[in-house]
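Student: Below is the structure I would like to discuss, written out as structure tokens.
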Amino acid sequence: MKIKIGLFVSFLMLCGCTSVSKNVVPPDGWRLADKEDAVNDWVRFDSPNKIVEDFNGDGKVDIAQIILNKDLVKGYKLIVSMSGDKGNEQFLLTENSEVSPQSVAIELLKPSNEIWESACSKGYWDCEADEIRQFKISKPSIQFCYIESACTVFMWSDRNRNFIEIPISD
């Protein structure tokens with residue numbers, strides 16, 4: 001029986017079938033959040049710093065995660081690790097070296113028929129000619145917010161093979 005279990009685990013590892021407990025790989029000078037980082041607004045608002053979902057619709061698990069500066073109290077990056085046929089590809093969605101990571105949060109937005117309005121469409125500023133005014137969420141997406149402040153939606157674009165950033169509040 002032990003041999004069968006060992007063979008099954010080996011098969012899972014070889015086929016790339018991994019559990020959802022994996023994380024993004026932080027670049028040098030950065031680290032993953034741990035339970036000691038759950039302080040201030042992350043505790044008060046139960047703010048997640050990691051989302052596991054299929055953002056590009058390829059049927060593979062992707063991970064969005066807020067990572068922290070290794071040596072300083074301030075500084076964060078929002079990175080998405082996309083699983084693909086050639087391994088994982090990481091996308092840096094946003095970063096700030098002046099703000100505490102506990103001041104930001106991410107939330108999963110599920111696909112729906114709801115029509116969303118961008119910040120420019122709401123009148124926060126004048127829309128540029130190529131700026132998105134209204135949109136629907138057709139694939140799982142990431143809402144990134146400064147807690148109790150501005151929010152942005154990051155949606156995967158098949159055409160651009162990258163995330164599109166749409167501010168929704170200021």
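The values are calculated or read from the model by the stated rules, or taken from the named source; none is laboratory data. This is a predicted model, so every value here is computed, not measured. Because the Cβ atoms are built from the backbone with ideal geometry, glycine has one as well, and the counts that use them run over all protein chains shown. Ligands, DNA and RNA are excluded from the accessible area calculation, which covers all protein heavy atoms including side chains. Shrake-Rupley method; radii C 1.70, N 1.55, O 1.52, S 1.80 Å.
Student: Say whether the condition of being touching a residue at least 60 places away in the same chain (Cβ under 8 Å) and of a type in the set (A, V, I, L, M, F, W, C) is met by at least one residue in segment 148-160.
Tutor: There is at least one residue in segment 148-160 that is touching a residue at least 60 places away in the same chain (Cβ under 8 Å) and of a type in the set (A, V, I, L, M, F, W, C).
Student: In segment 50-90, which residues are exposed (fewer than 14 other Cβ atoms within 10 Å of the Cβ), outside any strand (DSSP E or B) and on the phi > 0 side of the Ramachandran plot?
Tutor: Within segment 50-90, Gly57, Gly59 qualify.
Student: Could you please find all residues in segment 41-89 being over 14 Å from Gln102 (Cβ atoms), without any contact (Cβ under 8 Å) to a residue 60 or more places away in the chain and of a type in the set (A, V, I, L, M)?
Tutor: Scanning segment 41-89 gives Val52, Val61, Ile63, Ile79, Met82.
Student: Name the single residue that is farthest from Asn40 (Cα to Cα) among those in segment 103-117 being of a type in the set (A, V, I, L, M) and surrounded by 15 or more Cβ atoms within 10 Å (Cβ to Cβ).
Tutor: Taking the candidates together, the pick is Leu109.
Student: Assuming Thr94 fulfils every condition listed in (1) closer than 24 Å to Val39 by Cβ; (2) surrounded by fewer than 19 Cβ atoms within 10 Å (Cβ to Cβ); (3) in contact (Cβ under 8 Å) with a residue 60 or more places away in the chain; (4) over 12 Å from the mean Cα position of the chain (by Cα) apart from one, which condition is it?
Tutor: Of (1) closer than 24 Å to Val39 by Cβ; (2) surrounded by fewer than 19 Cβ atoms within 10 Å (Cβ to Cβ); (3) in contact (Cβ under 8 Å) with a residue 60 or more places away in the chain; (4) over 12 Å from the mean Cα position of the chain (by Cα), only one is false for Thr94: (4).
Student: Now a separate question. It is to be established whether one or more residues within segment 119-130 are touching a residue at least 24 places away in the same chain (Cβ under 8 Å), surrounded by 18 or more Cβ atoms within 10 Å (Cβ to Cβ), within 23 Å of Asn56 (Cα to Cα) and not aromatic (Phe, Trp, Tyr).
Tutor: Within segment 119-130, not a single residue is touching a residue at least 24 places away in the same chain (Cβ under 8 Å), surrounded by 18 or more Cβ atoms within 10 Å (Cβ to Cβ), within 23 Å of Asn56 (Cα to Cα) and not aromatic (Phe, Trp, Tyr).
Student: Residues being open to solvent by 30 Å² or more (accessible area, probe 1.4 Å) and in a loop (DSSP other than H, G, I, E, B): count how many of those fall in segment 38-49.
Tutor: The total comes to 7.
Student: For segment 1-37, what are the residues that are modelled with pLDDT of 50 or more, open to solvent by 50 Å² or more (accessible area, probe 1.4 Å) and either of a type in the set (Gly, Ala, Ser) or part of a helix (DSSP H, G or I) (or both)?
Tutor: Residues satisfying the conditions are Lys35, Glu36.
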